[in-house]
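First up is the structure itself, then whatever we jot down about it.
The values are calculated or read from the model by the stated rules, or taken from the named source; none is laboratory data. Because the structure is predicted, anything quoted here is derived from the model rather than measured. Note: ideal-geometry Cβ built from the backbone for every residue, glycine included; neighbour counts use all protein chains shown.
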There are 2 protein chains.
Amino acid sequence: MMALDEIDHALLRALGQDATQSAGALGREMGLSQPATWRRIRRLQEAGIITGRKLELDAGKLGFGVTVFLGIKLATKGRVSLEDFERAVSAIPEVQTVEHILGMYDYRLRVTARDIADFERVLRRRVMTLPGVGSVDANVLLSEERRPGPLG
Amino acid sequence: MMALDEIDHALLRALGQDATQSAGALGREMGLSQPATWRRIRRLQEAGIITGRKLELDAGKLGFGVTVFLGIKLATKGRVSLEDFERAVSAIPEVQTVEHILGMYDYRLRVTARDIADFERVLRRRVMTLPGVGSVDANVLLSEERRPGPLG
DNA sequence: CTTGAAAGGAGCTTGGT
DNA sequence: ACCAAGCTCCTTTCAAG
C-alpha cells in the first residue's frame with residue numbers, strides 16, 4: 001500500500017474536480033515545480049490509484065432525457081445464473097452501469113433512454129427478458145449531485 | 001439543440017473511454033487533421049455536451065474498501081423538507097453522490113467508508129440523523145462495471 | 001528518494017489560405 | 001478543411017538536497 005502525503009491528496013482533490021489542469025499550474029498553487037508535480041501524478045497512476053480520465057457528458061443535450069435506476073432481484077442465484085445475467089446485461093447498450101450488490105437487490109442498473117416511450121421499449125424487450133430475472137423495481141432520476149467524497 | 005454527425009459521436013465515444021487521447025491521435029484514426037479534431041472537441045464543450053473531465057479513482061487503494069448504496073424514504077416530503085434534507089446530506093463528506101429520484105425511494109446516496117465499522121459510524125451518526133428521514137435501505141457494492149452507454 | 005533547472009519533443013491554439 | 005507557426009505543456013536528463 002502506497003503512502004500518500006498531504007500534497008498527493010491535494011492533487012487528487014484538485015484533479016478530481018477538473019482533470020484538465022496542467023501539472024505546472026497545479027504545482028504553482030502548492031509551491032512545487034512542474035516536474036515534481038508531474039512525477040507525483042504519474043506515481044499515482046502507476047500505483048493504480050488514478051485509473052483513468054473520463055469525460056462528463058450532459059445526457060439531456062445528447063437527446064437522452066430519461067435516466068432510470070433499476071433494482072433487480074434474480075429468481076435463481078447460482079454461479080451460472082450470475083454469469084448468464086451479467087453477460088446478457090452487458091449486451092444492452094442503454095445500460096450505463098452494472099452494479100453487483102448485496103442486500104435487497106442483486107443488481108442495480110443505470111439505464112438511459114431518449115424518453116419514457118424509449119425506456120418502456122428497453123424495459124420490456126431487453127430488461128424483462130434477461131435470464132434469471134425475478135423482480136424489477138424502478139426509480140426515475142430527477143436530479144443528481146456528485147460530490148468530491150472522502151477520496152483524496 | 002446542436003447537430004452532431006458521426007465523427008462527433010466517434011469522438012465522444014473515444015474520449016468517453018479515455019479522455020487523455022490527443023486530438024492529433026484521434027484525428028489520425030478517423031482521417032481528420034489535428035486542428036479540425038481539436039475544434040470539434042471545443043465545440044462540444046462550448047455546447048455544454050462535454051461538461052468536464054474527471055479522474056477515475058480506485059477507492060480501495062485509497063483505503064476506502066466499502067461502498068454502500070442507501071435508498072432513503074422521507075417521512076415528510078414538503079418543499080422545505082427536501083431542501084433541508086439536501087443541505088444536510090451535502091455536509092456529509094462520505095456521501096459521493098446524491099440522487100433525487102421518483103419511485104420507491106426519494107433519494108439514493110452513494111456512501112464510501114474505510115470499512116464496515118466506519119460505515120456503521122456514518123450510518124448511525126450522520127445518515128440516520130438527517131432531517132425528515134423516514135426509512136433507510138442499504139445495498140453493499142460487490143463489483144461495478146461502467147459501460148459506454150448510448151451517449152456518443 | 002524527492003527536488004529543481006534545463007532542454008527536447010509532443011500537443012495545443014491561432015491565423016491565414 | 002488544411003497548413004504553418006508560436007506557444008503551452010509534457011517528459012526526460014542531470015545535478016543537488
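Output the residue which, of all residues in region A:1-57 that are among the aliphatic types (A, V, I, L, M), surrounded by fewer than 16 Cβ atoms within 10 Å (Cβ to Cβ) and within 10 Å of DNA strand C (Cβ to nearest atom), is nearest to the other protein chains (Cβ to nearest Cβ).
A:Met2
Looking only at residues that are surrounded by 13 or more Cβ atoms within 10 Å (Cβ to Cβ) and within 11 Å of chain A (Cβ to nearest Cβ) in region B:74-90, which one is farthest from B:Asn139 (Cα to Cα)?
Among those that are surrounded by 13 or more Cβ atoms within 10 Å (Cβ to Cβ) and within 11 Å of chain A (Cβ to nearest Cβ), it is B:Leu82.
On the given criteria, is A:Leu44 over 30 Å from A:Thr112 (Cβ atoms) and either in a strand (DSSP E or B) or in contact with an Asp or Glu (Cβ under 8 Å, 6 or more places away or on another chain) (or both)? Reasoning before the result, please.
Values: over 30 Å from A:Thr112 (Cβ atoms): yes; either in a strand (DSSP E or B) or in contact with an Asp or Glu (Cβ under 8 Å, 6 or more places away or on another chain) (or both): yes.
Spelling it out, A:Leu44 is indeed over 30 Å from A:Thr112 (Cβ atoms) and either in a strand (DSSP E or B) or in contact with an Asp or Glu (Cβ under 8 Å, 6 or more places away or on another chain) (or both).
Matching residues to (1) touching a residue at least 24 places away in the same chain (Cβ under 8 Å); (2) in contact with a Lys or Arg (Cβ under 9 Å, 6 or more places away or on another chain); (3) of a type outside the set (D, E, K, R); (4) over 19 Å from A:Tyr105 (Cβ atoms):
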| site | (1), (2), (3), (4) |
| --- | --- |
| B:Gly48 | no, yes, yes, yes |
| B:Thr67 | yes, yes, yes, no |
| B:Leu70 | yes, yes, yes, no |
| B:Phe85 | yes, no, yes, yes |
| B:Gly152 | yes, yes, yes, yes |
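Report yes if some residue within region B:136-149 is over 24 Å from A:Gln96 (Cβ atoms) and surrounded by fewer than 20 Cβ atoms within 10 Å (Cβ to Cβ); otherwise report no.
Applying the first criterion (over 24 Å from A:Gln96 (Cβ atoms)) to region B:136-149 yields B:136.
Filter once more, keeping what is surrounded by fewer than 20 Cβ atoms within 10 Å (Cβ to Cβ): B:136.
Checked region B:136-149: at least one residue is over 24 Å from A:Gln96 (Cβ atoms) and surrounded by fewer than 20 Cβ atoms within 10 Å (Cβ to Cβ).
Does B:Ser22 meet the test of being over 22 Å from A:Ala59 (Cα atoms) and more than 16 Å from DNA strand D (Cβ to nearest atom)? Give the steps one after another, and end with the answer.
On the way: over 22 Å from A:Ala59 (Cα atoms): yes; more than 16 Å from DNA strand D (Cβ to nearest atom): no.
Against the criterion (over 22 Å from A:Ala59 (Cα atoms) and more than 16 Å from DNA strand D (Cβ to nearest atom)), B:Ser22 does not qualify.
I'd like to know if region B:100-115 contains one or more residues that are more than 7 Å from every other protein chain (Cβ to nearest Cβ), among the small types (Gly, Ala, Ser), surrounded by fewer than 16 Cβ atoms within 10 Å (Cβ to Cβ) and over 17 Å from A:Leu142 (Cα atoms).
Taking region B:100-115 as the starting set, the residues that turn out to be more than 7 Å from every other protein chain (Cβ to nearest Cβ) are B:106-107, B:109-111, B:113-115.
In the following step, the residues that additionally are among the small types (Gly, Ala, Ser) were identified as B:113.
Going one step further and asking which of them are surrounded by fewer than 16 Cβ atoms within 10 Å (Cβ to Cβ), we end up with none.
Within region B:100-115, not a single residue is more than 7 Å from every other protein chain (Cβ to nearest Cβ), among the small types (Gly, Ala, Ser), surrounded by fewer than 16 Cβ atoms within 10 Å (Cβ to Cβ) and over 17 Å from A:Leu142 (Cα atoms).
Residues checked against (1) assigned to a strand (DSSP E or B); (2) at pLDDT below 95; (3) among the small types (Gly, Ala, Ser):
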| residue | (1), (2), (3) |
| --- | --- |
| A:Thr67 | yes, no, no |
| A:Lys73 | yes, no, no |
| A:Glu83 | no, yes, no |
| A:Val111 | yes, no, no |
| A:Phe119 | no, no, no |
| A:Ser135 | yes, no, yes |
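Among all residue pairs at least 6 apart or on different chains, which show Cβ distances below 6 Å where the first residue, located in region A:1-30, is more than 20 Å from B:Asp18 (Cα to Cα) and the second is of a type in the set (Gly, Ala, Ser) and within 10 Å of DNA strand C (Cβ to nearest atom)?
A:Gly27/A:Ser33
Considering only region A:50-65, how many residues are closer than 22 Å to A:Asp115 by Cβ and either in contact (Cβ under 8 Å) with a residue 40 or more places away in the chain or among the β-branched types (Val, Ile, Thr) (or both)?
4
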